[in-house]
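Data block below; observations after.
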Amino acid sequence: MITSSVRSVVRNKALRASGPGDGWMKGEADGTVDRWMTGGTGQRDGRREGCSGRVRSFNEIPHTGRNGWINLLHFWRNGTFSHLHKHMELNFNTLGPIYRQYLGSQCSVNILFPVDIAELFHSEGPNPRRMTLQPWDTHRETRKHSKGVFLKNGIEWRSDRLLLNREVMLSSAVRRFLPLLNEVAQDFSRVLQRKVHAEGKREKDAHILTFDPSPELFRFALEASCHVLYGERIGLFSSEPSQESERFIWAVEQMLNTTSPLLYVPRSLLRFHRPLWTQHVTAWDHIFSHAEERIQHVYERLQARGGSVEGPAESSQFPGVLRLLMERGELPLELIRANITELMAGGVDTTAVPLQFALFELARNPDVQERVRAQVQSSWLRAEGNPQKALQGAPLLKGTVKETLRLYPVGITVQRYPVRDIVLQNYHIPAGTLVQVCLYPLGRSQDVFQDPLIFDPSRWAVAEAGEGRGRNVTKETGSGAGFRSLAFGFGARQCVGRRIAENEMQLVLLHILKNFRLSVSSKEELSTKYTLILQPESPPMITFSTLTH
């Protein structure tokens, strides 16, 4: 909750800044909003009206109210931050394919069509910038921690990012850490099997158990991330998992939950909102403390061997991202700490939550589940235990992850500041303007996807193969064709942990589908909430039924 003192300060700012025309849902572009709302399918009519004739000025872009402080008060009062994804969808339905949003002192231009995203991508420059998460940035500065690539910009960001890419993004790196992820995914499947056999009921040749798998998925995500980052297991699948690791998971959730309400609070006003700020700082402090302990452990092992260990090329097993960075010596230790901590904090909820959605969608779409399972089983047999070959032979697994993230994007926006003036939907956008790609409305737009609410992993395999325009194939073509699946961002500034997350999710789904049939009692849509990441209001209950081999 926002304290009354903060509300008072913001309300005074709002009153001083208010002026004529500061209402909600303003469409100033000569009737553009009316034309959009009466134009039927939206994109085609909206583009015809918005992109013909003269280039319109920035001030003509429809907006939700010019007074950012009044808007911010509305957000706090109405709890809009918790359903920001739905708020954006409503704005697009009301105002059209582009609109301005003022919150506090910040103004953004929000877009959703791939052709506009492509234009934004081509104007991001060599050192792309995203919106700074002010609470995170303030924490680093007050605690005098170095910043990782997530919070950096400019040339400094680029040099650090290129060094990280070599260890976590290149295909050679993926080949080396894939066996570690597969090991954890296989162990996780065995944990589920033991649980279902011990707690479930027996029906014919199967054991059946209905439960919320989210606690197990969070442990899996942390175990898998640590195995890749540190090159060692932390024992979260034991009968008595580490309480310290459980507290780390809690701290990540607390950090995410407290970020959104603080996101638009100026640093000077944080002192008026001490309880929430204290919770946020405490969560980050625990995350850094947990990561520092593990980093120090790896550092001491390396020093004990004289700082020289068997080189990566000769090692039979991937030694972990941390050790590789230390061995190379190209990043100072404080920057290694900062980036490893960010990767660790960003690798739990952002993997575990999409897996909840994926299991739910597979469970409520049994025909889809059977098609994916058949491909998985066939590919696994042909691969003879090689995880890379198994994934290559099961493109529907990759499609399942992409389809899940289309409907339930982890982060609901991708932000960029164009380095040159651009034109979007025939409106002039000055260089340096914050432009946000809104992923939730994008993924559910009937103007971008055919049958957008249908869960169909095969739409991605067909689209990538360039085949036809059958049911559920994406409708967008031309310059925006490659900008429909953006859950990990795009370009040089896409998520640095993308390859870890993608393969982690695919491998655990592979082993679950090999061993279980999934079902749910209700096929109703899941209610969702936004806490810096999109997640279910309540975790879905999934029925796991063992399969005989």
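The values are calculated or read from the model by the stated rules, or taken from the named source; none is laboratory data. These numbers come from a predicted model, not from an experiment. Quick reminder, even Gly has a Cβ in these numbers, built from the backbone with ideal geometry, and neighbours come from all protein chains shown. Remember, those area values only see protein heavy atoms, side chains included, never the ligands or the DNA or RNA. Shrake-Rupley method; radii C 1.70, N 1.55, O 1.52, S 1.80 Å.
Using a 1.4 Å probe and ignoring any ligands, DNA or RNA, find the accessible area of residue 523 and quote it in Å² to the nearest 10.
120
Taking amide H atoms as placed 1.01 Å from N in the peptide plane, list the residues 5 or more away in sequence, or in a different chain, whose amide H sits under 5 Å from that of residue 413.
Those lying under 5 Å, H to H, from residue 413 are 439.
On full extension of the chain, what length is gained from residue 292 through residue 172, given 0.36 nm per residue of separation minus the C-alpha to C-alpha distance?
Value of the extension gain: 40.4 nm.
What does the highest-first list of 511-517, 137-143 look like by mean Cβ count within 10 Å?
511-517, 137-143
Find, among the GluC sites (Glu not before Pro) in segment 367-421, those assigned to loop by DSSP (not H, G, I, E, B) with at most 13 other beta-carbon atoms within 10 angstrom.
384
Order of 326-337, 279-290 by packing, highest average Cβ count within 10 Å first?
279-290, 326-337
Are any of the pairs 389/514; 86/529; 195/529 more than 18 Å apart by Cα-Cα distance, and if so, which?
In this structure, 195/529 lie more than 18 Å apart at Cα.
Aspartates and glutamates within cross-link reach of residue 402: Cα-Cα under 14 Å, excluding same-chain residues under 8 positions apart?
Candidates past the 8-residue exclusion: 361, 456, 464, 502, 504.
Starting from the Cα gyration tensor of segment 143-279, take the square roots of the eigenvalues, sort them a ≥ b ≥ c, and report rounded, prolate or oblate (rounded when a/c is under 1.5, otherwise prolate if a/b is larger than b/c, else oblate).
Oblate, because a/c is 1.5 or more while a/b does not exceed b/c.
In the chain, carbon and sulfur make up what percent of the accessible area (probe 1.4 Å)?
Within the chain, the accessible surface is 50 percent carbon and sulfur.
Efficiency by 1/(1 + (r/R0)^6): what FRET value for residue 132 and residue 205, r their Cβ-Cβ distance, R0 = 51 Å, to the nearest 0.05?
0.35
Which value, in Å², gives the accessible area per residue of segment 61-178 when a 1.4 Å probe is used on the protein heavy atoms?
36
For a test of the definition: using alpha carbon positions, the gyration tensor, and the 1.5 limit on a/c, classify segment 290-411 as rounded, prolate or oblate.
oblate
Looking at the square roots a ≥ b ≥ c of the eigenvalues of the Cα gyration tensor of segment 322-381, which shape do they give, rounded for a/c under 1.5, prolate if a/b is larger than b/c, or oblate?
Since a/c reaches 1.5 but b/c is at least a/b, the shape of segment 322-381 is classed as oblate.
Just grab the label-to-label distance for residue 162 and residue 547, each label 7 Å out from Cα along the Cβ direction, in nm (one decimal).
So the label points at residue 162 and residue 547 sit 4.6 nm apart.
So with the 1.4 Å probe, I'd like the accessible area per residue for segment 234-381, rounded to whole Å².
42
Tell me what the chain gives for mean residue ellipticity at 222 nm when only DSSP H runs of n ≥ 4 count, each as -39,500 (n - 2.57), the sum divided by the residue total, rounded to 500 deg cm²/dmol.
-16500 deg cm²/dmol
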